[in-house]
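The values are calculated or read from the model by the stated rules, or taken from the named source; none is laboratory data. No experiment lies behind these values; they were computed from the predicted model shown. All Cβ positions, glycine included, derive from the backbone under ideal geometry; neighbour counts span all protein chains shown. Accessible surface is based on the protein model in full, side chains and every heavy atom, while ligands, DNA and RNA are left aside. Shrake-Rupley method; radii C 1.70, N 1.55, O 1.52, S 1.80 Å.
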Amino acid sequence: MSGQDRAVLGILGGGQLARMLALAAAPLGVRCVVVDGAADACAGQVAALTVAAWDDKPALAAFASTVDVATFDFENVPAQTAHRLAEQLPVFPNPSALAVAQDRLTEKTLFRECGLATPEFVPVDTREELQRALAITGVPAILKTRRLGYDGKGQFRLHSLADADAAWMALGAQASAHGLILEAFVPFERELSVLAVRGRDGEFRTWPLTRNWHTDGVLSLSLAPAPDIDALQPRATALAKTLAERLDYVGVFALELFVKDGQLLGNEMAPRVHNSGHWTIEGSHTSQFENHVRAVLGLPLGDTGARGLSVMFNWIGELPAKEPLLRAVDGHWHDYGKEARPGRKVGHATLCAPDATTLADRVAAVAQALGRQEQARPLLDLLS
Ligand code: AMP
């Protein structure tokens with residue numbers, strides 16, 4: 001590509017991830033076209049939007065004819081749609097890698113094959129199988145849909161064997177369509193994620209491990225680089241590289257990890273840019289969004305090093321007042337342009353600082369001004 005070449009990138013899914021991809025693509029001279037089933041998809045505010053269902057073959061063929069490369073902001077695009085598109089143009093990550101990551105069973109099986117331990121898991125298709133699976137995992141345990149679950153959706157936590165009927169009532173109806181998996185509940189010490197990127201030429205990089213806190217299964221807070229990761233970072237990077245090479249993966253992905261007894265366990269892989277990597281926009285030399293665009297277009301990858309320390313607050317349901325963030329030193333506001341709705345990711349904010357003490361001061365001040373002390377508490381406890 002010469003400096004004058006201006007590629008068009010197609011993105012399947014038009015949520016906030018597509019929106020931030022389009023914003024990162026623009027300075028590279030890359031224009032984005034987004035496909036989504038919703039006419040008000042928030043990426044449509046910053047990129048051209050095609051409104052189409054995943055099975056709308058003529059609309060998707062027309063979309064494919066206007067773009068150079070296609071990628072995803074959403075991993076649950078049907079594998080058939082991705083494969084059909086890949087017959088027309090380069091699609092990254094490749095549809096087979098997407099298919100593996102769409103299914104918690106194939107994903108966890110791959111983790112083990114690559115040397116990454118996982119929580120004990122058993123596939124479940126019937127009520128009887130749930131009973132047998134519980135004998136293997138013990139309780140507490142989590143019953144999850146194999147497909148289409150995210151952010152804690154499609155999950156039921158079993159605290160005792162007596163919860164089995166309630167779990168089946170909640171998810172049994174989805175067993176035939178999506179399959180279920182029962183996982184042992186891991187009393188982890190902390191949750192980390194490693195964001196990784198692999199280029200079309202196989203070049204591979206990771207960002208520093210991120211520490212994450214979830215509320216009701218949804219990411220609430222991230223800190224990067226996570227403290228005390230010297231012993232874990234090389235292993236996480238090596239595992240991510242093995243996975244990426246096994247899948248011939250191109251683009252950014254996130255590997256969500258639990259730390260238990262100092263060891264890494266694989267929870268899930270997101271075959272796309274990821275919420276726990278939003279801090280990279282301001283906190284890293286190259287953001288996950290820019291590096292994803294670079295990777296899928298075959299451009300050189302950028303430096304994934306951190307500039308200092310960063311904290312990301314997720315705004316779920318509604319946005320708080322933005323002024324305290326705008327006034328904060330190295331504070332950054334991201335409004336996704338969505339309508340407020342309970343449980344919906346509507347924005348995030350990032351605070352950066354050169355050291356932990358300064359970061360703790362900035363986080364404490366902003367959290368108090370926003371009345372978000374509870375959300376900030378795990379971080380402030382850690383940094384104090
Ligand atoms: P998931 O959608 O599978 O990433 O689950 C969302 C969140 O639920 C995770 O980030 C964890 O905080 C929690 N979780 C999921 N699976 C387990 C597990 N097997 N043991 C403990 N916590 C879990």
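So the values come out like this:
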| read-out | value |
| --- | --- |
| Axial C-alpha extent at least 18 Å, average Kyte-Doolittle at least -0.5 - helices from the chain (DSSP) | 356-370 |
| Highest average packing first - 277-285, 154-162, Cβ atoms within 10 Å | 277-285, 154-162 |
| Cα gyration tensor of the range 190-383 - equivalent ellipsoid semi-axes, whole Å, descending | 27, 18, 16 |
| Long pairs among 241/345; 108/260; 144/338, criterion Cα-Cα beyond 24 Å | 241/345; 144/338 |
| Peptide ranges 304-311, 330-337 listed from the most packed, as the mean C-beta count within 10 angstrom indicates | 304-311, 330-337 |
| Accessible area of the range 190-383 divided out per residue, in Å², using a probe of 1.4 angstrom | 38 |
| Added length on full extension, which subtracts the Cα-Cα distance from 0.36 nm per residue, residue 242 to residue 126 | 38.4 nm |
| 1.4 Å probe accessible area per residue over the range 120-184, in Å² | 50 |
| Dipole axis of the chain (+1 Lys, Arg; -1 Asp, Glu on Cβ), positive-most option in 293, 273, 359 | 293 |
| Highest-MSF residue in the chain out of 131, 288, 174 [GNM, Cα springs under 10 Å] | 131 |
| Contact order normalised by residue count of the range 8-91, Cα under 8 Å, 6+ apart, percent | 34 |
| Largest-first principal axis extents of the Cα set of the range 128-261 (Å) | 48, 31, 26 |
| Hull shadow area, averaged, the range 1-105 [alpha-carbon convex hull, nm²] | 6.6 |
| Sulfur and carbon atoms: percent of accessible area, the range 120-184 [1.4 Å] | 54 |
| log10 of Debye I(q)/I(0), alpha-carbon scatterers only, for the chain at 0.08 Å⁻¹ | -0.41 |
| Qualifying aspartates and glutamates (Cα of each under 12 Å from Cα of residue 322; at least 8 residues distant if same chain) | 335 |
